[in-house]
Amino acid sequence: MTLTLDHIAVLGETLEEAAAHAEAAVGMPMEPGGSHPIYGTHNQLLGLGGGLYLEAIAIDPGAEPPGKPRWFGLDAFKGPARLDKWVCRVPDMEAALQALPMAGQVVELSRGRLQWLMTVPEDGLLPYDGLFPALIQWLSPVPAGAMLSASGTRLTRLEVTHPEAAALEALLAPHLDAPLVRFVTGDVPGLRGSVHTAQGHDRILT
């Protein structure tokens, strides 16, 4: 059972804030995404090459309340937009949950041509202050990252900072196949992405 980096997500109190924060780092506009009625959220996307992509996501004010906690801890999200979540692709969700049961419960979702399984904790809050990766298994033949047009911008590094980074790394290490990911011990939990833009600039996304 392997975990491969699938995408990273910028959260915002509004989608406009999340997208603007992402665009300021990558130097280009995000592409239209869609909505997720089961959680009352909507997103925008940008391909990062190699099957990776960047997501901007927020609560959709026009959607019906989901009647349960939203994924990615969005119900509790406050403050400026920021890079806040990372998502790992797995080939077999059942095997993944046997190895990492703390990932949450499996939810089946679809949007257009896309179909996937996702792990979401009952309270919507991922372990390690939200820095445990959400797990995804794509059921559609072509996953989202492969459907997005190449933007010329690529992710070169993803740092996962947490006071218990060593414990998180040890938990994931037997399964994680993600050369771009580094674990850093620090007082303030957070993600830090390094990107090389289509214009040839190296920028930081936090």
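Between Glu64 and Ala150, the distance separating the two model label sites (each 7 Å from Cα on the Cα→Cβ line) works out to 4.3 nm. Our summary gives region 100-206 a relative contact order of 22 percent, counting only alpha carbon pairs under 8 angstrom and 6 or more residues apart.
Karplus-derived 3J(HN,Hα) values for region 138-153, using 6.51 cos²θ - 1.76 cosθ + 1.60 with θ = phi - 60°, are 7, 9, 6, x, 10, x, 4, x, 7, 7, 6, 5, 5, 9, x, 8 Hz; glycine and proline are entered as x.
Subtracting the Cα-Cα distance of Glu94 and Ala170 from their residue separation scaled by 0.36 nm leaves 25.3 nm.
For Val142 and Met1, a Förster radius of 35 Å and the Cβ-Cβ distance give a FRET efficiency of 0.95, rounded to the nearest 0.05. Label positions at Asp123 and Ser110, each projected 7 Å from the Cα along the C-beta direction, are separated by 3.3 nm. Looking at region 97-166, the GluC sites (Glu not before Pro) that sit in a DSSP loop and have at most 10 other Cβ atoms within 10 Å of their own Cβ are Glu122. Using the alpha-carbon positions of region 108-153, Rg (one decimal) and Dmax (whole number) come out as 13.3, 37 Å. Sorting Val188, Val181, Val106 from the fewest to the most surrounding beta carbons within 10 angstrom yields Val188, Val106, Val181.
Rounded to the nearest whole angstrom, the semi-axes of the ellipsoid equivalent to the chain, taken from the Cα gyration tensor as √(5λ), stand at 22, 21, 18, largest first. Gain on full extension, evaluated as 0.36 nm per residue between Thr185 and Thr197 minus their Cα-Cα distance, stands at 1.6 nm. Our coupling estimate for region 176-192, obtained by passing each phi through the Karplus curve with A = 6.51, B = -1.76, C = 1.60 and θ = phi - 60°, is 7, 10, 9, x, 7, 8, 10, 9, 10, 7, x, 5, 9, x, x, 10, 9 Hz, Gly and Pro reported as x.
No lab work stands behind these numbers, since they all come straight from the coordinates. These numbers were taken from a predicted model, which means no experiment stands behind them. In this analysis, Cβ positions are derived from the backbone assuming ideal geometry, glycine residues included, and neighbour counts consider all displayed protein chains.
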